[in-house]
1. Exactly one of these conditions fails for residue 72: (1) exposed (fewer than 11 other Cβ atoms within 10 Å of the Cβ); (2) more than 16 Å from residue 1 (Cβ to Cβ); (3) in contact (Cβ under 8 Å) with a residue 24 or more places away in the chain; (4) of a type in the set (D, E, K, R). Give me its number.
2. Somewhere in region 42-54, is a residue within 13 Å of residue 74 (Cβ to Cβ) and either touching a strand residue (DSSP E or B) at 6+ places or on another chain (Cβ under 8 Å) or in contact (Cβ under 8 Å) with a residue 60 or more places away in the chain (or both)?
3. Could you please give the count of residues in region 37-60 that are under 14 Å from residue 3 (Cα atoms) and over 12 Å from the mean Cα position of the chain (by Cα)?
4. List the pairs whose first member sits in region 1-26 and is among the aromatic types (Phe, Trp, Tyr), whose second member is in a helix (DSSP H, G or I), and whose Cβ atoms are under 7 Å apart, counting only residues at least 6 apart or on separate chains?
5. Tell me yes or no: at least one residue of region 55-66 is surrounded by 12 or more Cβ atoms within 10 Å (Cβ to Cβ), in contact (Cβ under 8 Å) with a residue 12 or more places away in the chain and in contact with a helix residue (DSSP H, G or I) (Cβ under 7 Å, 6 or more places away or on another chain).
6. Can you tell me which residue is modelled with the lowest pLDDT among those in region 1-59 that are of a type in the set (A, V, I, L, M, F, W, C), farther than 17 Å from residue 69 by Cβ and assigned to a loop (DSSP other than H, G, I, E, B)?
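The values are calculated or read from the model by the stated rules, or taken from the named source; none is laboratory data. What you see is a predicted model; the values in this text were computed from it and never measured. Positions of Cβ are generated from backbone atoms using ideal geometry, with glycine treated the same way; all protein chains shown enter the neighbour counts.
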Amino acid sequence: MIKVYSKPDCMQCKMTKKFLSDHDIPFEDVNVEENEAALELIKQHGFYSLPVVTTNDSFDGAWCKFRIDKLEELV
């Protein structure tokens, strides 16, 4: 399951989620403003920009920011 760690006022987060939705790619949106544990988790993995996108249950291959190249690989 794809997870998008995001916050509501983040334009790159909105663009990433819109791309996934427009391509009917299911994902779980994790709002880091409401979930402190999720925010700490992404920080522990070295991420300090949003969104952070994971494609599996680990952070192997995860990326941050709006990455159209990575998103297109999911289509």
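1. (3)
2. Looking for residues that are within 13 Å of residue 74 (Cβ to Cβ) and either touching a strand residue (DSSP E or B) at 6+ places or on another chain (Cβ under 8 Å) or in contact (Cβ under 8 Å) with a residue 60 or more places away in the chain (or both), one finds at least one in region 42-54, hence yes.
3. 4
4. Here the result reads 5/38; 5/42; 19/71, each pair linking region 1-26 to a residue that is in a helix (DSSP H, G or I).
5. yes
6. Once the filter is applied, the top-ranked residue is 1.
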